[in-house]
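K.L.:
Shown below is the structure under consideration.
The values are calculated or read from the model by the stated rules, or taken from the named source; none is laboratory data. The model shown is predicted, which means the values in this text are computed figures rather than measured ones. Every residue, glycine as well, gets a Cβ built from its backbone with ideal geometry; the counts of neighbours run over all protein chains shown. The protein model used for the area step is the full one, side chains on, heavy atoms only, and it has no ligands, DNA or RNA in it. Shrake-Rupley method; radii C 1.70, N 1.55, O 1.52, S 1.80 Å.
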Amino acid sequence: MDLRRYFSSAEPKKTGQDEEGTGKERPTTKRKSYDKSDYEAKRKHSFLDSWTKEFLWLEYDKVNNMMFCRVCREFPSIAESTSAFVTGTSNFRKDPIRTHEKSLHHKKCIGAQSAASVPEQTPIAKTILKINQAQQEVLKKLFRTAYYVAKSELPLAKFSSLCKLQKANGLDLGSTYLNDHACREFIGAIAQTSRDQIEKEIQESRFLSILADGSTDTGIIEQELVHVRYVRDNGDIATYMIKCQPVKSANAAGILEAIDEAVNTMGIREDTWKKKVVCANFDGAAVMMGEKTGVAGRLKQRIPHIITIHCVAHKLELAVLDSVKGCEYLVKFEDTLKTIFKMYYYSPKKRRELTEISELLNERLEHFSGLKSTRWLPSRLRCLKAVEKNYTPTVVHMENMAEGSDVKAEDAARAKGVVQEMKTEKFVRFLHFMLDYSTILSKCSTDFQHDNLNITRTNQLVESTTSRLLSLKTKPGEYQKTLDTKFTANQDGSICYCGTQLTKSQRPARRGEGTDKDTFGAEIQKIIDNTVKYMDNRFKNLHEKPLSCFKVFDPSTLPYPREELANYGDEEVDYLVTHFACLLDAEEKEKIPQEWMDLKVWLAERRGRKVDCLYRDLLSENPEHLSHILLLLKLMLTLSPSTAICERGFSCMNRVKTTHRTSLHPETLNDCMQLSINGETVESFCPDKSIRFWMFSGKGSRHLDHKTPTRTKSSEMEGNAQEEKADEGDAMPSTSSGIFSSETSVEISDSGSDTD
């Protein structure tokens, strides 16, 4: 090779160029670029046992080949439910472990664990021991005040005002933690200790039911309110709110994700769902009860044995609404009532005039509520009672409006049409029938809204309600009986009701229709038949398995003859054991059918007792010879037929998150609702556990003996001199001088300062 070619300044030889003039090109080779992601993907990481010694909170599940944080799983209400170290991860690398250890949620869980164990050697425990009795009493007063704010659903800003009031009354509250920020911390600590107690009971319970309903709050945020129902060891039925979870998307997948996130805060993960959850209770929305793509259908795919129940209180409302469609006069009657309520609800002037007329007639006026408050059947009954009570003053006022010269033509025409309808005999008779009709349905609706309602009681209420409705076809109700005493006949054959002369129907009778009395009876028959028909259709699932199998635990259904009692309910019990086989072990599957005979005899001997007390005493006593069969009884009581408690929860949400507090933080909203719904009374509240948790959960030390900064004489003289210079137009003093300068004398405690 020529050396001159090596040292020449010519361009470098390209790849594949002829080498030494041989005429042949040298083969080219391309070097592959290094990709770290490809390397990480191909490399198989494994868990190292040494990590558990370095990170004491880390645990490894050999069966599922995943690692998780033991402490975060112990406190799911504090931990981040979506964290990989809560659900479990197979990303066996040290960097994610270090990141999780430094996370805020993990530190809070570590603090909660320390607070639960209360080791005497920890620095915070030593600090608590140093708190004198006076400081403890001050903290108790502050925590009770914060609890009163949350329990009474007051704004957090009221906390400082209440503290000032108590100090004005001579109460010692110290000089720190007297602001709304401290109130938020106190409420959070109280709510967390309450959730810890509920979580403990949930973990110890054998079966669970999930109740969920959705609504939009004042901040235009879709919220899913989730409750859980279970049975305690003493037989009491407990239904608690666990979270008000914002929904990312209002479809079935988004709602189910919100429910999962809510129940994860109580340690109910996917494995717990399959082991404990036996029922899901929703309202009748298609997105919730859809059998294929709805939330109920998705839960069925996840948990095959789960029972999805449409809220019975909503079912009753829908059945009544369906029955209205088949009666022409009932539609007209409700339109008349809506017109009356609308006229008086939105007009203070008409209300005042109606009140004056009622005072002249010496009658007490009932309140005409708004249309939006007449959703449930008991509210509709109150509206009907108001119309019946205010009948005479309303007719007089409507007549005055119809004939008045200073009334708008639109209002006069509307009043004329209403008073003509109200003065017909058919309207009065129909009003009293609707009072009897609504009384029966409203009682059923009220019973459906009880928190301790069970499946057997639900079936009894449906049967008794339909029987009472059918009795109205042949026997008049209480209001219809009193109607005859209010009627007086005139010499011309007309009828007066409470001093008002009634007329016949304004519409002439059609051919073959008969008199008003005949058509009135036919319409009543039609309304009752339609209501019973739609109720049977809506509640037919109560007569289908597996819900129908639980009726054998009702003492009133047990037959009296021994021969019939011997084989009664055997088929139903076998079906329940088969349906819930995945929740029972081998011994329980074998012993439950054997113990069924003993339970039948025990229930038959106590037929006359109240069923709720009977179940509670039986579960509390827990006889050894019935210990296995009582699992089915506890499962039956766990099933939730109604979501009325969710509706009450939304009312609480609207009271807490008002239009003036639309930016309320979700955690603060949950804490306030938690204490308002699940909290005990203010008088019985004990703040000791909450104070201990609050002491441990702080980011730094708590400054209980902090004193507010005070000016000395020298600092005041210097400050006055600076103010005089500023008034003369001199420049502002530098940051090195002033009342907080190192040269001035300010009395501040060694423990630091805290924001008031």
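K.L.:
If I filter region 593-602 for residues that are β-branched (V, I, T) and closer than 23 Å to I309 by Cβ, do I get at least one hit?
P.N.:
no
K.L.:
Give region 201-233 a look and list any residue that's of a type outside the set (G, A, S) and over 24 Å from L453 (Cα atoms), or say none.
P.N.:
Correct list: T216, D217, T218, I220, I221, E222, Q223.
K.L.:
Determine whether N65 is on the phi > 0 side of the Ramachandran plot, surrounded by 10 or more Cβ atoms within 10 Å (Cβ to Cβ) and at pLDDT 50 or above.
P.N.:
yes
K.L.:
Of the numbered conditions (1) modelled with pLDDT under 90; (2) among the hydroxyl-bearing types (S, T, Y); (3) closer than 30 Å to C327 by Cβ, T531 fails exactly one; give the number of that condition.
P.N.:
Status for T531: all satisfied but (1).
K.L.:
Hey, could you check region 240-263 for residues that are in a helix (DSSP H, G or I) and not hydrophobic (A, V, I, L, M, F, W, C) and say which is most open to solvent (accessible area, probe 1.4 Å)?
P.N.:
Among those residues, the one meeting the criterion is E257.
K.L.:
Can we say T668 is of a type in the set (S, T, N, Q) and out of contact with any Cys (no Cβ under 6 Å at 6 or more places or on another chain)?
P.N.:
Taking the combined requirement at face value, the residue satisfies it.
K.L.:
So, in region 264-284, how many residues would count as being open to solvent by 30 Å² or more (accessible area, probe 1.4 Å) and free of Cβ contacts under 8 Å to residues at least 40 places away in the same chain?
P.N.:
Counting residues in region 264-284 that are open to solvent by 30 Å² or more (accessible area, probe 1.4 Å) and free of Cβ contacts under 8 Å to residues at least 40 places away in the same chain gives 3.
K.L.:
Shifting gears a bit: Specify which of the listed residues (I220, I237, I202) is open to solvent by less than 30 Å² (accessible area, probe 1.4 Å) and among the β-branched types (V, I, T).
P.N.:
Checking each option against the conditions leaves just I202.
K.L.:
What are the residue pairs meeting all of these: first residue in region 405-424, first residue of a type in the set (V, I, T), second residue open to solvent by 20 Å² or more (accessible area, probe 1.4 Å), Cβ atoms under 7 Å, and 6 or more apart or on different chains?
P.N.:
So the pair list comes out as V418/T339; V419/E399; V419/A402; T424/T503; T424/K504; T424/S505; T424/Q506.
K.L.:
If I filter region 617-640 for residues that are surrounded by fewer than 19 Cβ atoms within 10 Å (Cβ to Cβ), under 24 Å from L453 (Cα atoms), among the β-branched types (V, I, T) and touching a residue at least 40 places away in the same chain (Cβ under 8 Å), do I get at least one hit?
P.N.:
no
K.L.:
I want to confirm something. Restricting to region 309-359 and keeping residues that are assigned to a helix (DSSP H, G or I) and among the aromatic types (F, W, Y), which single residue is most open to solvent (accessible area, probe 1.4 Å)?
P.N.:
Y345
K.L.:
Could you check how many residues of region 656-684 are under 15 Å from I220 (Cα atoms), part of a helix (DSSP H, G or I) and open to solvent by 10 Å² or more (accessible area, probe 1.4 Å)?
P.N.:
1
K.L.:
In region 512-598, which helices (runs of 4 or more DSSP H) lie fully inside it and hold 1 or more residues that are under 28 Å from F448 (Cβ atoms) and in contact (Cβ under 8 Å) with a residue 40 or more places away in the chain?
P.N.:
516-538, 570-579
K.L.:
Right, something else. List every residue pair whose Cβ atoms lie under 9 Å apart, where the two residues are 6 or more positions apart in sequence or sit on different chains, the first residue falls within region 339-361 and is under 10 Å from H397 (Cα atoms), and the second residue, located anywhere, is surrounded by fewer than 13 Cβ atoms within 10 Å (Cβ to Cβ).
P.N.:
Every condition considered, the pairs that remain are S358/R364.
K.L.:
Of the conditions (1) under 30 Å from N541 (Cβ atoms); (2) over 33 Å from the mean Cα position of the chain (by Cα), G417 clears all except one; give me its number.
P.N.:
(1)
K.L.:
Taking the condition of being assigned to a helix (DSSP H, G or I), at pLDDT below 90 and not aliphatic (A, V, I, L, M), how many residues in region 599-611 meet it?
P.N.:
0
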